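We did not get these values from a lab; they are worked out from the coordinates using the rules stated. Note that the coordinates shown come from a computational prediction; the quantities given were computed from them, not determined experimentally. Positions of Cβ are backbone-derived with ideal geometry, glycine not excepted, and every protein chain shown enters the neighbour counts.
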Ligand SMILES: Cc1cc2nc3c(=O)[nH]c(=O)nc-3n(C[C@H](O)[C@H](O)[C@H](O)COP(=O)(O)OP(=O)(O)OC[C@H]3O[C@@H](n4cnc5c(N)ncnc54)[C@H](O)[C@@H]3O)c2cc1C
């Protein structure tokens, strides 16, 4: 039982809320650790008040050091105890022979056992010694929080302090360690990565493996609210930040890390000069009012709410360049958004400036060789209608034509025409990119070829797309359509092998979907010409006018619904693997309660011989051969239904694991749960190249962060 001092009152009252109970009740959250060897006492007092105001349940006092503990730390804690009501938790390595150092004024002590230490005292001896020392204190003993602690990456300081080698991040040793922690009498697992980030796969392995009452702490290198949220999303209970607050502007950093909208972080009041500076080069008003910023705080998935400080609407390349130069000069992060029809953290800014492309005129310029130059800020329907009026058409259109051309080209863009022409990215012959320093650069296979390779289909991480030159085809008003029904997904996939038999796709359009308990495949030929012989039997045929724009009408009936979370993802595999994948979906996913409860839908597309196309390395069919098949699994869950969201995310994780095991790839437009190891194994040298280019083009790390960064 600990005693709580009432503010401004010398009386004390007993309370029955131990620190561990509060940590369990208030998770997930952020904790701060002040280092008494580095942080002056007055500043520690200020910090204890600031974190108390933010609702933190405790303040950690700790260090990797424990030298001269009694002389240096004991008076510090005693003084701090006098000046704050917040529970204080000691957080030091054990001292051989003594255990975790204890002192009056501390409410609790994190006692670190380091199961993989090369020094036996730190494996279990420290814990035994601490229990003995605490017991001897009788009623004054602090609460002991038993922690199984691991250090990741190369970390000389921790190795020296507790003999901890870098902890394994994969292989058979990982589940063995997790199981050992779960089976022992630990209150928590503490994962420290001083110079990096604990991989998601490791966090999830701990979260899955730990007993329900065991907490998961993670610490080291946390600098943004986005990181804190990502750790929480992986099941971390408490994110510990230390060095990150050892700066002059720690108050602002603390509020930013705590993600407190309405506080100065993310508040335009924190950036009045910046907003005025931005406005000087923009035609439309920047948004610094709360409703204006809230309108851009999420995307169609609605799983995250990140408030930008300033929303900067842009209508031209010059305006984009102005925003990029101004934010770089101010050292402010800047993110890029089209129409916000994406998932996960795409198109969001966490307290920085958000560039939003204003849709406007597609400004179509037709060229002799059948290509068209269009504005990347325009929506696809505007470009397609302008082209149709001039006798041309974009041969691949997606299901949703109100999204921006730049937004879709930063992921891929797939539709019925993909069977013949690949993704919309495969139609691109040239584009103009506004680089993070504001310079405009035309890119093609012969002009800045490396930027051409990575400037599209890579989540917009190298610059803002401004103008795009696309291949087009003759506009044909009519399309001949054939539909065929199949009893199962397995039967459907088993029936499409003929699509890859010839050098050129035998059909112009292909898609399939779950329909009336079975599956329906739709094949199409532009114009009213004949269908291939394979479709002359067992199909229903008809001729439709303006078929591609039908999707546009559908999309108008299907606006992004603010009352639901869309949790969508697509998976792409070569045909033989797709056959196996279809059997898996038929057996494990489509009949599952989660599919039904998440209002699941399934859509299928095909890519004819992806190996014939020039590489857009991060797109889903890159590296696949023959016929590649894309499976879209689309769920919608009522907004705020956390259990429903978790269920659907669980299904997607299961499907992603199967897809990767079969050599497939996800489509980066959707919601996915990929860790660094997945990225490395899928993208290898291309990932390294994008990261190198980012370092060259964006040395301060301010531009449009994302999965590949
Ligand atoms: C209802 C619906 C139907 C869909 N149907 C399909 C479909 O049939 N086929 C398909 O392939 N996809 C489909 N999608 C996915 C959609 O095409 C992508 O999510 C696309 O990225 C959305 O474009 P956006 O303009 O909304 O981009 P945003 O969501 O605003 O941004 C997406 C990403 O692109 C980046 N970005 C945006 N603009 C630029 C730019 N000018 N320069 C550089 N980077 C930029 C952002 O930083 C972000 O990383 C669908 C999505 C929805 C919601």
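If I take R0 = 56 Å and measure r between the Cβ atoms of residue 141 and residue 661 in this structure, what FRET efficiency does the formula 1/(1 + (r/R0)^6) give, to the nearest 0.05?
0.65
Using alpha-carbon pairs under 8 Å, 6+ residues apart, how would you state the relative contact order of segment 268-357 in percent?
33 percent
If packing is taken as the average number of other Cβ atoms within 10 Å across a peptide's residues, how do 34-41, 339-346 rank, most packed first?
339-346, 34-41
Where does helix 547-557 land angle-wise versus the long Cα axis of the chain, in degrees 0 to 90, nearest 10?
40 degrees
Mind putting together the pair-distance distribution for segment 66-196? All Cα pairs, 10 Å bins, whole percent per bin, short to long.
13, 41, 33, 12, 1
For the chain, what's the relative contact order in percent, using C-alpha pairs closer than 8 Å and at least 6 residues apart?
Numbers: 1494 pairs, mean separation 61.9, N = 709.
For the chain, the relative contact order is 9 percent.
Give the Rg (one decimal place) followed by the Dmax (whole number) of segment 473-622, computed from C-alpha coordinates and expressed in Å.
Looking at segment 473-622, its Cα Rg and Dmax stand at 16.7, 46 Å.
Once the piece of chain linking residue 124 and residue 180 is laid out straight, how much longer is it, given 0.36 nm per residue of separation minus the C-alpha distance between them?
Values: separation 56, 0.36 × 56 = 20.16 nm, distance 1.30 nm.
This chain segment gains 18.9 nm when fully extended.
Taking square-rooted eigenvalues a ≥ b ≥ c of the alpha carbon gyration tensor, is segment 569-709 rounded, prolate or oblate, where a/c under 1.5 means rounded and, failing that, a/b exceeding b/c means prolate?
Since a/c reaches 1.5 but b/c is at least a/b, the shape of segment 569-709 is classed as oblate.
Binning every alpha carbon pair distance of segment 373-465 at 10 Å from zero, what are the percents per bin?
Answer for segment 373-465: a P(r) of 17, 50, 29, 4 percent.
Once you have the alpha carbon radius of gyration of the chain, what is it after dividing by 2.2 N^0.38 Å, with N set to its residue count?
1.07
For the chain, take the longest principal axis of its alpha carbons; what is the angle in degrees between that and the long axis of helix 126-136, to the nearest 10 within 0 to 90?
On a 0 to 90 degree scale, this one is about 40.
On alpha carbon coordinates alone, what is the Rg over Rh value for segment 435-482, Rh being the Kirkwood radius?
1.19
Order these by the 10 Å Cβ neighbour count, fewest first: 380, 568.
The most exposed by this proxy come first: 568, 380.
Place a point 7 Å from Cα of residue 368 in the direction of its Cβ. Which residues in segment 389-415 have their backbone N less than 11 Å from it?
Taking a point 7 Å out along Cα→Cβ of residue 368, no residue of segment 389-415 has its backbone N under 11 Å.
How big is segment 268-357 along each principal axis, measuring the range of its Cα positions in Å and listing the largest first?
Computed over segment 268-357, the largest-to-smallest principal extents equal 33, 27, 21 Å.
Could you grab the relative contact order for segment 450-599? Cα pairs under 8 Å, six or more apart, rounded to a whole percent.
28 percent
Within the P(r) computed for segment 400-546, what percentage of the Cα pairs occupies the region above 28 Å?
Summing the P(r) tail past 28 Å for segment 400-546 gives 35 percent.
Grab every C-alpha pair in segment 215-369, bin the distances at 10 angstrom width from 0 up to the longest one, and report whole percents.
11, 36, 32, 15, 5, 2, 0
Have a look at the DSSP beta bridges in the chain and tell me what percent are antiparallel, nearest 5.
About 60 percent, rounded to the nearest 5.
Evaluate E = 1/(1 + (r/R0)^6) for residue 440 and residue 696, where r is the Cβ-Cβ distance and R0 equals 22 Å; express this FRET efficiency to the nearest 0.05.
The calculated FRET efficiency here is 0.85.
So between residue 597 and residue 361, what do we pick up on full extension, going 0.36 nm a residue minus the alpha carbon distance?
Gain in length upon complete extension: 80.9 nm.
Note the angle between two axes, namely the Cα long axis of helix 317-330 and the longest principal axis of the Cα atoms of the chain, as a number of degrees from 0 to 90, rounded to the nearest 10.
10 degrees
For segment 20-84 and segment 120-185, what is the centre-to-centre distance using only Cα atoms, to the nearest Å?
21 Å
If you average over every viewing direction, what projected area does the convex hull of the Cα atoms of segment 22-255 give, in nm²?
That works out to 11.7 nm², a quarter of the Cα hull's surface.
If I take R0 = 35 Å and measure r between the Cβ atoms of residue 563 and residue 515 in this structure, what FRET efficiency does the formula 1/(1 + (r/R0)^6) give, to the nearest 0.05?
With a Förster radius of 35 Å, E is 0.85.
Points 7 angstrom from Cα along the Cβ direction at residue 503 and residue 539: gap in nanometres?
2.3 nm
Tell me, how many Å apart are the Cα centres for segment 594-616 and for segment 472-540?
Taking the Cα centre of each part, segment 594-616 and segment 472-540 sit 15 Å apart.
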